[in-house]
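I have placed the structure first, in the form of structure tokens, so that the comments after it can refer back to it.
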Amino acid sequence: IDIDGADKTSGISSTDAELRAARDKALQVANFLRTARGFCDPFAAMSGNGYHLLYPIEAANDQASTDTIRNCLDVLALQFDDEAMRIDRSVYNAARICKVYGTMARKGDNTPERPHRRSEFLGRLNEGRGDGGG
């Protein structure tokens, strides 16, 4: 599950405030999936411009699995998208489902307000800390 700023112009890095808002939205989504749907705590990662929630699944790389993941992202977007943050609905297929963490996210110019950031794998999302780890 990829969470980024809703109004962010494509091709620019997020601000620190947008990144914090993505983290907060990731916590909301993870809490909902844990409490309302019985999901395990996800692994979390900071993509450089947003947050990823990573859930282990066992599924074939076929159309049925692709459709299931797309439908799940659509439902989460309907519930959690707002004027500030959105669930990226385009990462439902196996070719786009993961990022190599530790790489730089270099969208647009590297400015103090919108810096380039190194993506990082944070570990299990811990609601108490809100940033992964553990």
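Summary of computed values
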read-out	value
Sulfur and carbon atoms: percent of accessible area, the chain [1.4 Å]	49 percent
Computed lengthening from Asp16 to Arg118, 0.36 nm per intervening residue step minus Cα-Cα distance	35.4 nm
Protein-only accessible surface order, largest first, of Phe80, Phe32 at 1.4 Å	Phe32, Phe80
Per residue value of the accessible surface for the chain (all protein chains in place, 1.4 Å probe), Å²	56 Å²
Distance (nanometres) between label positions extended 7 Å along Cα→Cβ at Asp82 and Val100	3.6 nm
Reported label for calculated Kirkwood radius over Cα pairs in Å given (i) 15.6; (ii) 15.2; (iii) 16.5	(ii)
Nitroxide proxy distance, nm - points 7 Å out along Cα→Cβ at Glu58 and Asp7	4.5 nm
Protein-only accessible surface order, largest first, of Glu83, Glu18, Glu58, Glu113 at 1.4 Å	Glu58, Glu83, Glu113, Glu18
Rounded to 10°, Cα long-axis angle of helix 16-37 versus longest principal axis of the chain	10 degrees
Backbone N within region 72-97 under 17 Å of label point (7 Å from Ser65 Cα along the Cβ vector)	72-73, 91-97
FRET efficiency, 1/(1 + (r/R0)^6) with R0 25 Å, evaluated for Asp74 and Thr35 via beta carbons	0.75
Exposure ranking of Thr68, Thr111 by accessible area [1.4 Å probe, largest first]	Thr68, Thr111
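The values are calculated or read from the model by the stated rules, or taken from the named source; none is laboratory data. Remember, it's a predicted structure, so these values are computed and weren't measured experimentally. Note that each Cβ is placed from the backbone with ideal geometry, even for glycine, and that neighbours are counted across all protein chains shown. Side chains included, ligands, DNA and RNA excluded: accessible areas come from the protein's heavy atoms. Shrake-Rupley method; radii C 1.70, N 1.55, O 1.52, S 1.80 Å.
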